[in-house]
Amino acid sequence: MIGFIYGVVVYLFFLAVFLYAIGFVGNIGVPRGLDSAPVSPAGEALLIDLALLTLFAVQHSVMARKGFKAWWTKIVPPVVERATYVLAASIVLGGLCWHWQPIEGVVWSVKDPIAVNAIQVVFWLGWGILLLATFLINHFELFGLRQVWAQLMGSKIPEQEFRTPFLYKHVRHPIYLGFVLSFWATPEMSLGHLLFAAGATGYILVGIWFEERDLIAHYGARYLAYKEQVGMLLPRLGRSAKGATSKLG
């Protein structure tokens, strides 16, 4: 029961941080968004922002590796390992959003109302793709709830299967695709926003490399064939796949 309550509280905390992050990236309803007016000198802001991006990347990359999990689960019960990862990721993401320092300078500024609306559609489409993709591979297992519920009920979670639900037939990483669309789709691109989008996209590409290395090690030829058939972030015209895998990191 304690593990279940912990998992639920962590999930609710994640939801709050996730919603705040949407507002932060889209400059919607938050005290300071990516494109807000600067509050620190450019050099100081750059160093702080790079440190925040690095902390985010290191936390996600290290805690997602099998070697770390093998050591970590000697301290943290395996049933709450995923929830603890989500908690750490949410704290780091919340800290990034809260302490981010906007940087002055406009890279592009779109004024045409039709173009602005089209960009906003892409922004929300990205978040929609991201959320849909999490539910396609089991949203609640991805964020640690399924594990604590199974423990509470005294049941076991089945072994992950190699499958291609909907979006995964066309791109191997629709969750990351959703992030990239949302990060870059803005009518007002400041230098700070550009730093965030470029840094996050760079981390995503590195993260995909590590993730696919683990998936190939686990699924072997089946994932290699899938990789040949399906594009990483963009669909390959005329191709789709019949087998994919959940990506629990």
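For (1) touching a Phe, Trp or Tyr at 6+ places or on another chain (Cβ under 9 Å); (2) at pLDDT below 95, each residue gets a yes or a no:
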position	(1), (2)
GLY3	no, yes
ARG32	yes, yes
PRO38	no, yes
ILE48	yes, no
ALA51	no, no
ALA57	yes, yes
VAL92	yes, no
TRP100	yes, no
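Looking at this structure, is LEU52 crowded, with 19+ Cβ neighbours inside 10 Å and touching a strand residue (DSSP E or B) at 6+ places or on another chain (Cβ under 8 Å)? Considered against the rule, which asks whether it is crowded, with 19+ Cβ neighbours inside 10 Å and touching a strand residue (DSSP E or B) at 6+ places or on another chain (Cβ under 8 Å), LEU52 comes out as no. Scanning the range 135-180 for residues that are within 22 Å of GLN229 (Cα to Cα), surrounded by 19 or more Cβ atoms within 10 Å (Cβ to Cβ) and touching a Leu at 6+ places or on another chain (Cβ under 7 Å) turns up LEU167, TYR168, VAL171, HIS173, PRO174, ILE175, TYR176, LEU177, GLY178, VAL180.
Note on the range 158-184: residues that are touching a Gly at 6+ places or on another chain (Cβ under 6 Å) and of a type in the set (A, V, I, L, M) total 2. Candidates LEU125, LEU145, LEU93: the one that is within 18 Å of the chain's Cα centre (by Cα), touching a residue at least 12 places away in the same chain (Cβ under 8 Å) and within 20 Å of ILE208 (Cβ to Cβ) is LEU93. In this structure, is LEU191 more than 24 Å from PHE14 (Cα to Cα) and either at pLDDT 90 or above or hydrophobic (A, V, I, L, M, F, W, C) (or both)? Yes. Restricting to the range 78-134, and then to whatever is of a type in the set (S, T, N, Q) and part of a helix (DSSP H, G or I), can you tell me which residue is nearest to GLY7 (Cα to Cα)? Taking the candidates together, the pick is THR84.
Residue pairs whose Cβ atoms lie under 8 Å apart, separated by 6 or more positions or on different chains, with the first residue in the range 215-233 and assigned to a loop (DSSP other than H, G, I, E, B) and the second basic (Lys, Arg) and modelled with pLDDT under 90, are VAL230/ARG236; VAL230/ARG239.
Close Cβ contacts (under 7 Å, 6 or more residues apart or on different chains) running from residues in the range 196-214 that are of a type in the set (Gly, Ala, Ser) to residues that are assigned to a helix (DSSP H, G or I) and surrounded by 14 or more Cβ atoms within 10 Å (Cβ to Cβ) comprise ALA197/PHE183; ALA197/TRP184; GLY199/LEU53; ALA200/PHE179; ALA200/PHE183; GLY207/HIS60; GLY207/SER61. Applying a threshold of 8 Å to beta carbon distances and a minimum spacing of six or more residues, or different chains, the list of pairs starting in the range 64-77 at a residue that is more than 20 Å from GLY3 (Cβ to Cβ) and ending at one that is modelled with pLDDT under 90 and assigned to a loop (DSSP other than H, G, I, E, B) reads ALA64/GLY249. Reported count of residues in the range 20-48, each being free of Cβ contacts under 8 Å to residues at least 12 places away in the same chain, hydrophobic (A, V, I, L, M, F, W, C) and over 23 Å from TRP124 (Cα atoms), is 1.
The values are calculated or read from the model by the stated rules, or taken from the named source; none is laboratory data. Since we're looking at a predicted model, the values are computed, not measured. Using ideal geometry, Cβ is built from the backbone for each residue, glycine included, and neighbour counts are taken over all protein chains shown.
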